[in-house]
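Accompanying notes for the structure given below.
Here, each number is a calculation from the coordinates, and none is a lab measurement. Note that this is a predicted model, so its numbers are computed, not measured. Virtual Cβ from ideal backbone geometry, glycine too; neighbours counted across all protein chains shown.
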Amino acid sequence: MVNTFSPPSLEQLLKYILKDLNSKSEIFGISEKLFYKPWFYHVLYTKSGGKFLHNPLGLASGPHTQLAQNIVAGWLCGARFIELKTVNETNYTKQNNPSIDVPFEGYNCGSSHELPVREVFDQYLNAWILIHILHNRLYKSVRKDVEVGTVFNMSLGSSLIQVRSEEILWFIDKMINCSEELENKIKTIKNIYPSVTSLKIPTNISNSVTLSVEQGSVPREIEYVVKYLMMDKKLHTTLKLNPTLLGVKSIRALLNKNRGYDVHIPDSVFDDNLQYVDLIDLISKLQKTADEMKLELNFKVSNALNCLKESRALPKDENLFISGAALHPVAVNLAANLQTRFEGNLNLSFSGGVDYYNVANLIKCGFKTITVCTDLLKPGGYGRLAQYFDSIYKEFVKVGARNIFEYTIKTSNEVSVLEASLEHLKDYAIYTLSDKRYQRDLSKNYNIKTSKKLYPYDCIEAPCVSQCSVNQDVPSYLWFAAKHDINKSFSFIIQNNPFPSITGSVCDHLCKTKCTRINYDEPVKIREVKRYVSEKIETNQQDQPITQKNEKKICVIGGGISGLSCAWFLNQAGFAVDVFEADAYPGGMVVNSVPAFRLEDKSILRDIERIRKSGVNIITKTVVNSKKFLQLRKKYDYVFISTGFQVASISIIDGTGCKNIFEAIDFLKIVKQNKNVELGQNVAVFGGGNHAVDAARTAQHLLGANGVTSLVCQYTINDIKADKEEVAAMIEEGVNIVEMVFPIQIIREDNHVKGLEYRVVEQYETNKNGHIKPLKISKTIHSLEFDTIIFSGSYSSNINFVEPDQLKTKEGSLLTRMKNVYIGGGARLGETTLIKAIADGRNAALEIMKKENILQLPTPEKILTEEEIAELLLKKNKREIAVKQKDVPIEERNNFEAVIHPLTKTQAIYEAKRCLQCDVICNVCVSVCPNNAFIGFEIKPEELLIPTINYNNDNFKVSKKKRLDIKQKYQVICVADWCNECGNCTTFCPTAGTPYKDKNRLHFDKAAFKNEGRGFLLSTDGDLKQLIMKKDGKLSVLSLNWDALIFENDDCMAVLDKNTFEIEHIDIFTDSKRTFDLPEITEMKIIFNAVENLV
């Protein structure tokens, strides 16, 4: 793969735009419904540099403002102040790609793959022309604004040598007056859009410039350059400031591990940048010049911040810059500092973590223009801007504001705009310091990538489904829950999971960690919607269809979750199933140890009774020994061992003969059986797994306000293995966390616990299996006082009715070394999660069914209409915060009533609607690519048929019985010439792949295509349009002119119908008699239909 980065010409881009607009009502995959309507948001009209602006929002200098198509895409969605990408004479360098990583905050490399200065100008001129054409095309038949309401703002570095270089001076002059170039451009496109000749496109592309303060620039140099631009070039000038001006202490207080940012800002970054005291003096000097020249002088906060950081995606040893949410409090507080110093009289502009949630606040803070970058690099891309304006409009309506000035005053206690905006800015600066939106939560997962390989076709897969051990069809049950079709939703849940009520409350829901909503706002409350559906399902609708009964009998040893799961699925498949359970009631650990405040008894009963009523025979109080096991093997065709885990590992502290020491599961069982437990007032729970957290919360519920529980572990809270939500609830309920403790011995008195002696763990490591091991322990002995100690270690099974060696399984199978005997759940895995136990039961059932040649029950169908797909694509541009569930107040959590209330009907529907249906259509790479280098397209089933040729001495017959191995309707192709390999698509693609490398790649440049191993080349020459496919070392050519469509490869040449691609005539170059397939025609037809609008 070779990257040439060849942007499209104006003619190519204009044809593409108009074709897609006319045929699809979209441009660059952006629906016309997202296009900005300036007259609707007329309250935002303003000015910059004396030019009329539809609104003060725009694109920050960076990846969204380097190519014409980028600028146009942003403009379509409402960006009107376009801060063009910084131009340097020596910036034509090829970087080490990728260059962008946006996990939560943003990171980018200092270098970037740019274009030569004159090509940069060409891109900006193309964008300027296209915006005027689109303004005419979109708005000429409705209420019109005579002007396009758009400002192009040049961006330069602060180096005097650069600014005074021949190329940069040429660039500035052409941006000020492009009359000759504009005239030539119009001539080349007037046959494409004849009305362009009557448009009054200004020859002045830009009358303003932003000067970015570079590291190492001295005040005198900056002063000279700014004055030169104002006095010699008559440009309204903005000086973009670095965040370091806030000061080393403030910066490091806002960007540290306590706020979730593991970055280091070297002292040199502060020392080599413009100092605050020098800036104050500089502002006074420059303002005087601006006043004399009658030009606007603005100051912008802020640039990105140079830092040291190991990025998961970027090349090592690269110079990185941090941006986005991390810099928002920094930039706002710097602005407040400066504006306070100058009593609100500075003209300030803003960039730094702008998004849908804060844009209305920024407007009333008095910023002249507001630009955004990082937020638009995330899924939804440019389309996210539409929600910005909806948010602003709603805030204006609330106070009845007719313009920005009124909005600023009506939301303040002040009477002047200057004082009101300063008040807002000061208040907002303080607010950002504690706003959690600008702190990275280290307990949250921001990476939704899975292990799925990425292929040229068929990449769609919901990551929540692949992350779930039972492959629960999450999107489908959410789809029907959103419609409040409870029965249909339930049918999708029960398809893979017979415990919807239980898992609706206590599943570790790893699906949530891969929800694509994470890259927008918050994951969907998947588990909670499942709980709602399971509680609302009508009793008579719970029974599921069973296939015809067969003669095979199944024995399940162990009536825990895994055993009942296996029993359910085999019973549904027609087997006769008997379950043998040692306890008086089935359910295993779920029944015995999960606290009632997490899982209500009625939820357990609901699921188990459904299984029992379906026909599964559950025999309780039956212990299986060696003799019994042999009898069962003879009686039944298959046996599934699921006895769970019963044995806890020995504690690292010896509590022999000491009272008030419990093992965690034993303690939970005792409490659940309502037995009295004397804990004293100070309880310690050792461990960091789910059982430890359950035990700690249970102890605290028992103690209430009369005592304190501490969770004691050998590592920090960030490495606690338990469900993060349960850990948060535990802390919220008042459980202390005592970290880095290595126990030495229990302090005893009369065989009663009095405390613990320990050493401090100074360093530890986590091995590949997730086990944590102390590496360095202090020599000093410390002590803690406790009345009760509960320990939770690791657990394993204790199967005594068969030799352990006989229970071993092969990879990918649950079959033991004994014929027709399977094992799963805790019996196989030791301590495991609920959903993994369910999965083992299901997988064992599927193995047995496969052996008996019995198919699974058919999966319910989910079909979306075209209207629903269109609505879904619009939803993929919006952020929607998850609902806040009602829970029991902390002070009332002194009993075992359920802590979390179920969702209401309104909440459940809202949450279900937040699902982005990633199993239907993804298109993440399409939306996150700043260069619009990914094209999404559809394939119809009939397009997949492969022509089979029966050729006999010039006579031929064509049949179509085979199909291309492409299963999905929605596909994506990468326009390689437009891709600069920034890597942003890789960050957000749910698969393990790299879209710009792994997807089909389309070229227009023949030289670049020649060096590719595979891909497509699309070209035109007069009336001839040609598509070449390179695959498996062979070339195939499809040529279309005014009268014929011809296919050629090494074996044959065929004339095709121009509309249907049916073979009308064929000549072969080899044997005169043969039968062969031509899948190339089918594949090239698909690609040709997808990309023909591009040329």
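Sorted largest first, the principal axis extents computed over the alpha-carbon atoms of the range 660-751 equal 35, 30, 24 Å. Applying 0.36 nm per residue to the separation of Lys47 and Gln12 and subtracting their alpha-carbon distance, the gain on full extension is 9.3 nm. For the range 462-545, dividing the convex hull volume of the Cα atoms by the residue count gives 84 Å³ per residue.
When the Cα centres of the range 592-609 and the range 899-964 are compared, how far apart do they sit, in Å? Here the two parts' Cα centres lie 40 Å apart.
The calculated 222 nm mean residue ellipticity attributable to helices in the chain amounts to -10000 deg cm²/dmol, summing -39500 (n - 2.57) over DSSP H runs of n ≥ 4 and dividing by all residues.
Can you give the FRET efficiency to the nearest 0.05 for Lys1010 and Lys453, using r as the Cβ-Cβ distance and R₀ = 30 Å? It comes to 0.65.
Looking at the chain alone, DSSP beta bridges between its own residues are antiparallel in about 55 percent of cases. Counting pairs on different chains as well as pairs 8 or more places apart, how many Lys pairs in the range 724-793 have Cα atoms under 26 Å apart? Taking the Cα cut-off of 26 Å, the pair count is 4.
The angle separating the long axis of helix 328-341 from the principal Cα axis of greatest extent in the chain is about 50 degrees. Principal-axis analysis of the Cα atoms of the chain puts helix 385-399 at an angle of about 90° to the longest axis. The gain in end-to-end length when the Lys234 to Asp805 segment is fully stretched comes to 196.9 nm, 0.36 nm per residue minus the alpha carbon separation. Only Cα pairs under 8 Å and 6+ residues apart enter the sum, and on that basis the relative contact order of the chain stands at 12 percent. Which of rounded, prolate or oblate describes the range 829-946 when judged by the alpha-carbon gyration tensor and an a/c cut-off of 1.5? Oblate, because a/c is 1.5 or more while a/b does not exceed b/c.
Comparing the chain with the 2.2 N^0.38 Å rule of thumb, its C-alpha radius of gyration ratio is 1.07 (two decimals). Per-residue extension of 0.36 nm, minus the Cα-Cα distance of Gln745 and Ile863, leaves a gain of 36.2 nm for this segment. When all alpha carbon pairs of the range 717-792 are counted in 5 Å bins from zero, the resulting P(r) reads 3, 12, 19, 20, 21, 17, 7, 1, 0 %. For the chain, the longest principal axis of the alpha carbon atoms and the long axis of helix 1079-1091 meet at an angle near 60°. Pairs of lysine residues in the range 356-509 that meet both criteria, 8 or more places apart or on different chains and Cα atoms under 21 Å apart, total 16.
Of the cross-linked pairs Lys19/Lys1085; Lys878/Lys1030; Lys525/Lys721, those separated by over 27 Å at the C-alpha level are Lys878/Lys1030. Just so you know, the Cα atoms of the range 36-437 work out to an Rg and Dmax of 20.3, 61 Å.
Counting only aspartates and glutamates at least 8 places from Lys257 when in the same chain, those with an alpha carbon closer than 15 Å to its own are Glu105, Glu310, Asp441, Asp719.
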